[in-house]
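To start, the structure under review is shown below, and the notes come after it.
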Amino acid sequence: MSNKYERICNNLDETKSLAEKFAKLIEPAGCFVSLYGEIGAGKTAFVKLVAEALGVKEKVTSPSFVILNEYHTAKLPIYHFDLYRLENEGVKTILDELTEYSEGHQATFVEWAEFSQNEIPFNHIKINVTYDEDEARKYSFEAFGHDNISIIEELKK
């Protein structure tokens, strides 16, 4: 079993397909996801597509200015953090909260996880979104924890 998986999505339809498959796999138990990537790489777009696949009724937006958006109309609660504006010192103030959001039946997404200073030691899935050729994006998944490795294995199929 491998804890890593990469996929290139050449357009929005392929990204939507990947997000829908990921949503199905995390729906039963929930998951904590840390997202990495440059501005505009597609982190928020991926979260939005996963949230829609899980049944969110509200408009999913970037939590850049509010730090956290919550969605409770889906098949499980979704919490969407953005650490960009907190940077290093501010992140220290919410590390306990991030740990709490890693427990239980929910989906938690943390954009700009690089500002967490590797303080996400608990089970999670790391997704790095990078630009590929033209409009394509490369999604690199890495799982930490047995249940998350199972998700990655299923994602590969």
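The values are calculated or read from the model by the stated rules, or taken from the named source; none is laboratory data. Worth saying up front: this structure is predicted, and the values here are computed from it rather than measured. In this analysis, Cβ positions are derived from the backbone assuming ideal geometry, glycine residues included, and neighbour counts consider all displayed protein chains.
So which residues in the range 110-134 are out of contact with any Pro (no Cβ under 9 Å at 6 or more places or on another chain) and either modelled with pLDDT of 95 or more or closer than 17 Å to Leu49 by Cα (or both)? Matches in the range 110-134: Val110, Ile125, Lys126, Ile127, Asn128, Val129, Thr130. Cβ-Cβ distances below 8 Å connect the following pairs, each with a first residue in the range 118-141 that is within 15 Å of Phe46 (Cβ to Cβ) and loosely packed, with under 15 Cβ neighbours inside 10 Å, a second residue that is at pLDDT 90 or above and acidic (Asp, Glu), and a separation of six or more residues or different chains: Tyr131/Glu38. One residue stands out in the range 88-98 among those that are part of a helix (DSSP H, G or I), surrounded by 12 or more Cβ atoms within 10 Å (Cβ to Cβ) and out of contact with any Asp or Glu (no Cβ under 9 Å at 6 or more places or on another chain): the one that is modelled with the lowest pLDDT, namely Gly90. Of all residues in the range 31-43, those that are touching a residue at least 12 places away in the same chain (Cβ under 8 Å) and surrounded by fewer than 21 Cβ atoms within 10 Å (Cβ to Cβ) total 3. Scanning the range 5-22 for residues that are in contact with a helix residue (DSSP H, G or I) (Cβ under 7 Å, 6 or more places away or on another chain) and either surrounded by fewer than 21 Cβ atoms within 10 Å (Cβ to Cβ) or in contact (Cβ under 8 Å) with a residue 40 or more places away in the chain (or both) turns up Tyr5, Arg7, Cys9, Thr15, Lys16, Glu20, Lys21, Phe22. Flag: Ser102 matches the condition of being in a loop (DSSP other than H, G, I, E, B), in contact (Cβ under 8 Å) with a residue 60 or more places away in the chain, of a type in the set (Ser, Thr, Tyr) and within 24 Å of Ala143 (Cβ to Cβ). For residues that are at pLDDT below 90 and in a loop (DSSP other than H, G, I, E, B), scanning just the range 67-87, find the one that is farthest from Ala45 (Cα to Cα). Restricting to residues being at pLDDT below 90 and in a loop (DSSP other than H, G, I, E, B), the top hit is Leu86. Would you confirm whether or not the range 39-59 contains a residue that is in a loop (DSSP other than H, G, I, E, B), over 26 Å from Glu14 (Cα atoms) and more than 14 Å from the chain's Cα centre (by Cα)? No; the residues of the range 39-59 include none that is in a loop (DSSP other than H, G, I, E, B), over 26 Å from Glu14 (Cα atoms) and more than 14 Å from the chain's Cα centre (by Cα). Within the range 1-29, the set of residues being assigned to a loop (DSSP other than H, G, I, E, B) and touching an Asp or Glu at 6+ places or on another chain (Cβ under 9 Å) comprises Met1, Ser2, Asn3, Asn10, Asn11, Ala29.
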